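Peer 1: The structure follows.
The values are calculated or read from the model by the stated rules, or taken from the named source; none is laboratory data. Every value quoted in this text rests on a predicted model; they were computed, and no experiment measured them. A quick note on method: Cβ atoms are made from the backbone with ideal geometry, for glycine too, and the neighbour counts reach across all protein chains shown.
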Amino acid sequence: MVHNYRTTCSQRRNNSNILFSVIDTLQGENRREVRRLRRRIAELEEELEKRRIRSVEWVTENWQREERYSRLSTERNRLRVQVEDLEDRLREARVGRNN
């Protein structure tokens, strides 16, 4: 917790109270620490945003891969049925010629 103790100019100038000097030093250190922590928070937020974007890209790519696989699988099955139908017609045509 940071307390803002106020000192008068004369107290600072005369260094009349060592406590005020210590308080000023601590407040300066606190301000530096706050700035350092804020910079670190900003860095972490930037890293989190990059990772979120990357995660969305991976999910999108995986979804697209799955969609493509599904389309290819459906097309393969459709073509297999079509080949089976054509083979059946050929057999029927051969049987019809042999009779």
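Peer 1: Within region 16-38, is even one residue part of a helix (DSSP H, G or I), surrounded by 10 or more Cβ atoms within 10 Å (Cβ to Cβ), aromatic (F, W, Y) and in contact with a Ser or Thr (Cβ under 7 Å, 6 or more places away or on another chain)?
Peer 2: Yes, there is a match, as at least one residue in region 16-38 is part of a helix (DSSP H, G or I), surrounded by 10 or more Cβ atoms within 10 Å (Cβ to Cβ), aromatic (F, W, Y) and in contact with a Ser or Thr (Cβ under 7 Å, 6 or more places away or on another chain).
Peer 1: Residues in region 43-50: is at least one of a type in the set (A, V, I, L, M, F, W, C), at pLDDT 85 or above and part of a helix (DSSP H, G or I)? Walk me through it before giving the result.
Peer 2: Filtering region 43-50 for residues of a type in the set (A, V, I, L, M, F, W, C) gives 44, 48.
If we keep only those that are at pLDDT 85 or above as well, we get 44, 48.
In the following step, the residues that additionally are part of a helix (DSSP H, G or I) were identified as 44, 48.
Within region 43-50 (the criterion being of a type in the set (A, V, I, L, M, F, W, C), at pLDDT 85 or above and part of a helix (DSSP H, G or I)), the answer is yes, since at least one residue qualifies.
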